[in-house]
Amino acid sequence: MDAAGEELADRVRALLSIGAEIEERRMFGTRAFLLDGRILVGARKNGVLLVRVDDENGPALLTEPGASHAVMGTRTMGSGWLDVAPEAIADDDGLMFWLDAARETNRRAD
């Protein structure tokens, strides 16, 4: 992973470390952060944030600035996987918005 991805991983790690059992592992060229065995988010190269959301809220979240369907290799992922551009998560409030969206999806999956 590049420096921008590592920096994003550090920010995610710091914000997610409060009150949760977060597991971190490398998956598919991404530094993934998991809760209860489910991917919440991933720090990707160029500082892009991969976010797992539920299919119900995915289309609405795509209207947020910087959000797009996630692409892995040549495959565009379904509506439950979004990439968020670095500009949209440049500050902690922007990043927390997406972390909260991912945590909400995780809660609903229980």
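Readers should treat all values here as calculations from the given coordinates under stated rules, not as data from a laboratory. As the structure is a computational prediction, the values presented were derived from the model and not from experiment. Neighbour counts run over all protein chains shown; Cβ positions are idealised from the backbone, glycine included.
Results, tabulated for the structure shown:
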read-out	value
Potential extension, residue 27-residue 77 segment - 0.36 nm per residue separation minus Cα distance	16.5 nm
Over segment 51-110 - Rg/Rh using Cα atoms and the Kirkwood inverse-distance radius	0.96
Extension gain from residue 93 to residue 15, taking 0.36 nm per residue of separation minus the Cα-Cα distance	27.0 nm
Local electrostatic count at residue 9 - Lys and Arg +1, Asp and Glu -1, tallied over other residues with Cβ under 9 Å	-1
Ellipticity estimate at 222 nm from DSSP helix runs (n ≥ 4, -39,500 (n - 2.57)) divided over the chain, nearest 500	-10000 deg cm²/dmol
Equivalent ellipsoid semi-axes - Cα gyration tensor, segment 15-71, angstrom	20, 15, 11
Efficiency of FRET from Cβ geometry, residue 6 and residue 68, R₀ 22 Å, rounded to 0.05	0.50
Charge tally in the Cβ shell below 12 Å around residue 46, where Lys, Arg are +1 and Asp, Glu are -1, residue 46 excluded	-3
Compactness index (Cα Rg / 2.2 N^0.38 Å), the chain	0.95
